[in-house]
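Have a look at the structure below before the remarks.
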Amino acid sequence: MVTAHAPVSRPGEPTELTDAQIEELLQGEHPIVLVDGVCHFCQGATKFIIKRDPKGIFHFASIQSEVGQKLMQKGGLRTDTMDTFVLIEKGHFYTRSTAALRIARRLRYAWPLLYAFIVVPKVLRNSVYNLVARNRYRWFGKSDQCMLPTPEIRERFIE
């Protein structure tokens, strides 16, 4: 298992990611979702997205991982806090409720209907988001380690 703070890499690649590799991820065809890897709520959100994304559009990384930290830095986001949810699409960074709504619009079933809430002022949407983010460990718990993906979905996780 990979611990929350251990640097990881793809098999056969060096642990240290190059700027070129980070740029490739930023401009890649798959949107990247960055989550707090030890948060049970965030792990549940990751599983929720995967279940409703059978085409494998979204790829995932833990904010605590080396790649997560480098992507956060590249987006000008704080790397010392785990209270945000990040979606990276073609080099654009979306956080908090905006990220969640942009993800919902690409899921199957009725979930894209939630994107209608994008018209609600961001300050209102994010106040609800922030309430959950502040209390997520207390309400849902946390692990000492990041979620270990199953072999079926392993290729969707950036390490």
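The values are calculated or read from the model by the stated rules, or taken from the named source; none is laboratory data. All values derive from a computational prediction rather than experimental measurement. Counting neighbours? That spans all protein chains shown, and the Cβs are built from the backbone with ideal geometry, glycine included. What goes into the accessible areas is simple: the full protein's heavy atoms, side chains included, and nothing from ligands, DNA or RNA. Shrake-Rupley method; radii C 1.70, N 1.55, O 1.52, S 1.80 Å.
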How long are the three semi-axes of the equivalent ellipsoid of region 40-130, in whole Å, if each is the root of 5 times an eigenvalue of the C-alpha gyration tensor, listed from largest down?
21, 17, 12
Amide H to amide H under 5 Å from F157: which residues, 5+ apart in sequence or cross-chain, H placed 1.01 Å off N in plane?
F60
Round to the nearest 0.05 the FRET efficiency obtained for R105 and R134 when R0 = 22 Å and r is the Cβ-Cβ distance.
0.30
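Give me the number: length gained by fully extending Q73 to D19, i.e. 0.36 nm times residue separation minus the C-alpha to C-alpha distance, one decimal in nm. Mind showing how you got there, number by number?
Numbers: separation 54, 0.36 × 54 = 19.44 nm, distance 1.15 nm.
Separation in residues times 0.36 nm, less the Cα-Cα distance, equals 18.3 nm.
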Take the solvent-accessible surface of the protein heavy atoms, probe 1.4 Å, and return the percent of it on region 14-64 that carbon and sulfur atoms account for.
57
Please provide three numbers in whole Å: the alpha-carbon extents of region 34-84 along the principal axes, with the largest listed first.
31, 21, 15
What residues qualify as long-range amide H neighbours of I63, i.e. H under 5 Å apart, gap of 5 or more or another chain, H built at 1.01 Å from N?
V35, D36, G37
